[in-house]
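The values are calculated or read from the model by the stated rules, or taken from the named source; none is laboratory data. Only a predicted model underlies this, so the values are computations on that prediction, with no experimental measurement involved. For neighbour counting, all protein chains shown are included, and Cβ atoms are generated from backbone atoms with ideal geometry for every residue, glycine included. Side chains included, ligands, DNA and RNA excluded: accessible areas come from the protein's heavy atoms. Shrake-Rupley method; radii C 1.70, N 1.55, O 1.52, S 1.80 Å.
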Amino acid sequence: MDEIVIGNDRFEVFLEEKTIQKRIKELAAELHKEYRDRTPIFVGILNGAFPFLSDLVKNYDGLCEIEFMKLSSYGDAKISSGNVTIVKELEIDVTGEHLIIVEDIVDTGLSVKYIEGLLEKHKPASVCVVSLLLKPDSLKYNVKIDYIGFLIPSKFVIGYGLDYEQKYRNLRSIYALK
Ligand code: 5GP
């Protein structure tokens with residue numbers, strides 16, 4: 001599929017499946033190099049991060065654990081509401097653990113800032129953030145993203161976990177609004 005039309009919105013292929021998969025292999029190798037002597041906990045941020053988390057851990061050749069958190073979403077809007085709340089907390093004690101937060105996309109940085117604040121209270125040994133996508137021109141919060149798949153322009157994107165009104169998360173490639 002080269003183009004997706006949703007109402008008056010047209011989306012074109014932005015990152016193809018093979019490009020995404022190649023980069024994820026590299027990220028998994030980088031993470032393994034850093035964490036080979038530890039057993040990190042990958043913390044996937046639902047819903048968007050599920051395909052990325054899945055492919056990342058399948059390419060990670062070491063011991064690890066997998067957990068999930070869920071934040072309130074943008075709703076159906078394409079612009080951040082500026083509000084974020086926790087919908088699903090971590091269900092394990094992460095004191096003294098090495099956490100790898102896995103995000104689909106960092107836009108303003110609010111979600112990552114909020115998650116870091118929450119996790120800090122649980123006194124993990126370390127926290128790092130890996131995001132498949134980062135929109136540098138949209139950043140409003142001072143967050144450090146340790147591992148980035150792709151830097152992208154401030155366009156609305158869908159596919160590979162990213163939704164349009166909760167749909168299209170199952171696309172294998174990422175599409176950008178024209
Ligand atoms: P932030 O808190 O950094 O502003 O936004 C992070 C969250 O906003 C992401 O996890 C994602 O749910 C949503 N988001 C930001 N940009 C996009 C986008 O271009 N497409 C979609 N589908 N979601 C986005």
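Some notes on this structure:
- Filter result (of a type in the set (S, T, N, Q) and more than 14 Å from the chain's Cα centre (by Cα)) within the stretch 130-173: Ser138, Asn142, Ser154, Gln166, Asn170, Ser173
- For the stretch 76-104, a residue qualifies if it is open to solvent by less than 30 Å² (accessible area, probe 1.4 Å) and either at pLDDT 95 or above or in contact with an Asp or Glu (Cβ under 6 Å, 6 or more places away or on another chain) (or both), and the qualifying residues are Leu90, Val94, Leu99, Ile100, Ile101, Val102, Glu103, Asp104.
- Reported count of residues in the stretch 22-57, each being outside any loop (DSSP other than H, G, I, E, B), out of contact with any strand residue (DSSP E or B) (no Cβ under 9 Å at 6 or more places or on another chain), touching a residue at least 24 places away in the same chain (Cβ under 8 Å) and farther than 11 Å from Leu132 by Cβ, is 4.
- Taking the conditions (1) surrounded by fewer than 18 Cβ atoms within 10 Å (Cβ to Cβ); (2) modelled with pLDDT under 95; (3) at negative phi in turn, Ser138 satisfies each one other than (2).
Conditions tested, residue by residue: (1) part of a loop (DSSP other than H, G, I, E, B); (2) near the ligand (Cβ under 9 Å from one of its atoms); (3) closer than 25 Å to Phe11 by Cβ.
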{"position": "Thr95", "(1), (2), (3)": "yes, no, no"}
{"position": "Ile101", "(1), (2), (3)": "no, no, no"}
{"position": "Asp104", "(1), (2), (3)": "no, yes, yes"}
{"position": "Ile115", "(1), (2), (3)": "no, no, no"}
{"position": "Val143", "(1), (2), (3)": "yes, yes, no"}
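- Matching residues, the stretch 48-66, being surrounded by fewer than 16 Cβ atoms within 10 Å (Cβ to Cβ) and either in contact with a His (Cβ under 7 Å, 6 or more places away or on another chain) or within 19 Å of Ile145 (Cα to Cα) (or both): Asp61, Gly62
- The requirement of being open to solvent by 20 Å² or more (accessible area, probe 1.4 Å), under 20 Å from Asp163 (Cα atoms) and not β-branched (Val, Ile, Thr) is fulfilled somewhere in the stretch 24-47, by at least one residue.
- Among the residues listed as Phe11, Phe68, Phe52, the single one being over 22 Å from Val112 (Cα atoms) and among the aromatic types (Phe, Trp, Tyr): Phe11
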